[in-house]
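To keep things clear, I will list the structure first and then write my remarks on it.
The values are calculated or read from the model by the stated rules, or taken from the named source; none is laboratory data. Model, not experiment: these values are computed from the prediction. Note: ideal-geometry Cβ built from the backbone for every residue, glycine included; neighbour counts use all protein chains shown. Side chains included, ligands, DNA and RNA excluded: accessible areas come from the protein's heavy atoms. Shrake-Rupley method; radii C 1.70, N 1.55, O 1.52, S 1.80 Å.
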Amino acid sequence: MPLHLLAGFLTSRTPARSSSSSSDLNQPAGTAAFPDKTIVGDFSGIYDMLSAIYRVRALPLAEGNAYPFTVRGESSSYHAELMVKGHQAIKTNVGSFNTIASQLRVTNNSAVNDYRIQIFFTDDERHVPVLVTAKLSAGQVRAELAGSQVLQIGPLKQPPAAPTPTPLPTPSPRPTVTPPRGSAGRPDNSMIGMPFRIGEQLNYRIYLANVQQPVGLVSYQVRSRSRYFDRNGLMLTTSAQTTDAAQRLFVANDQFTSYVDPETLLPYRTELNLVQGRSHSSEIWTINQDYGTATKQAGGKVDIPIGTHDYLSIFYAVRSMNLAPPRKNAVSILLNGRAKTLIITAIRRETIQLDSQKIPAIQLSLTTPEDAQPDKFSLRFWISDDDRRLPLRLTAITQLGAVRADLVILAVTNQ
């Protein structure tokens, strides 16, 4: 479905008859052209469905801003507002894109507003709408970009290149990785463009406040790249268990496995095996990033935004994001069987100490704006300010008090 027709499709048209209509959208001249009150972010004038799309693309689309405007339909006008929510990785049939995620609100028509229209524009100067989604009673409607072409105007001999989908996520700064050699002496390019390699293992010690000995151990590993469950994938694993120092408080031994797309790092299968005290539970989720669904093997399906991460994939996806302070990244993450928005804010650059080493790092905050207390756990994350983007430290406030997880540094030469 063409993108500019989606809004018209959502406004109760009668399919049994065909009709044509025209509207006079000429704007007032002279002093009448000046509005009574200026609204920050507003752009004056009345637009039809098609021209509104092109006008929106010309806006800066700055994160957190709202842009109100008026759209004339066949029989009525709609007072709309485009809210820019953040940045999101989007995968479509024509490729993957870094996008600006926005929500369209219609303040004078609750029926249209209930469609919860979302528009994803490319995060570049062209702001191409690559995906539009809406919620109907029958399910989700998706309008994807099928292709684009830049037409040359003027005497230029060579036309400008058409936009090329960018593999996601794109790290900044982009690391220079020397590809390992395969068995036949040819370079193995499977992880070029990522700040980590297959086989990487990161080990962490977990500490509680006022407890000198670590109470837990956590290990993350990039296992292998192969074909899993009928598709090309990257296998990520993590294991977490308590130590003897925590036996009086709790006992846990958890295992997570995530199978992700090697280019976007978006998961398509998540396996959880949780052992906490005498309680044992297992879950397997199949995630369809094309249709925005997550299905639990034991039964049940939930709708999720396209580009939703799980517990494990987000650990690696963060390392490939633009984290230059005060940059914010908004992603969707599947938590406890439901999708939540996670805001990753780069607070500042600083130097932290791990054991006897001082390491330049970027401090991040992790918040969930949909919750009543978005920063309830005071989650803070430190990532190394270099090409490897190593997660160095994670702190949080829990029911047991302040918790800290520190990366085990084996040698200075590894950093």
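In a fully extended conformation the segment linking Gln103 and Leu217 would gain 36.9 nm over its present Cα-Cα distance, using 0.36 nm per residue. Per-residue accessible area (protein heavy atoms, 1.4 Å probe) orders His309, His79 as His79, His309, starting from the largest. Placing pseudo-labels 7 Å out from each Cα toward the beta carbon at Ala245 and Tyr311 gives an inter-label distance of 2.2 nm. For the stretch 264-307 versus the stretch 128-145, the inter-centroid distance based on Cα atoms is 23 Å.
What the stretch 288-415 shows is 48 Å² of accessible area per residue, with the surface traced by a 1.4 Å probe over protein heavy atoms. Computed extension gain for Ser137 through Ser224, at 0.36 nm per residue and net of the alpha carbon distance, reaches 27.2 nm. If I model a spin label as a point 7 Å beyond the Cα along the Cα-Cβ vector, how far apart are those points for Asn253 and Glu350 in nm? Simple spin-label model gives 3.8 nm for this pair. For the set Lys135/Lys376; Lys340/Lys376; Lys301/Lys328; Lys301/Lys340; Lys135/Lys301; Lys85/Lys135, the pairs lying more than 20 angstrom apart at their alpha carbons are Lys135/Lys376; Lys301/Lys328. Model label sites at Asp290 and Phe377, defined 7 Å from Cα along the beta-carbon direction, differ in position by 3.3 nm. Taking one quarter of the surface of the convex hull spanned by the alpha-carbon atoms of the stretch 272-331 gives a direction-averaged projected area of 5.9 nm². Taking the convex hull of the alpha carbon positions in the stretch 237-299 and averaging its projected area over all directions gives 5.5 nm².
Using a probe of 1.4 angstrom and keeping all protein chains present, the accessible surface of the stretch 227-279 works out to 52 square angstrom per residue.
Computed from the C-beta positions of Ile397 and Ala146 and an R0 of 51 Å, the FRET efficiency is 0.60 to the nearest 0.05.
Other residues whose C-beta falls under 15 angstrom from the C-beta of Ala209 contribute a net charge of +3, scoring Lys and Arg +1 and Asp and Glu -1.
Apolar share of the accessible surface for the stretch 297-415: 52 percent from carbon plus sulfur atoms, 1.4 Å probe. The stretch between Asp114 and Arg327 holds 73.6 nm of extra length on full extension. This uses 0.36 nm per residue minus the Cα-Cα distance.
Each peptide in 323-333, 104-114, 271-281 receives the mean, over its residues, of other Cβ atoms within 10 Å, and ordering these scores from highest gives 323-333, 104-114, 271-281.
Ranked by the mean number of other Cβ atoms within 10 Å of their residues, highest first, the peptides 254-261, 58-65, 233-240 fall in the order 254-261, 233-240, 58-65.
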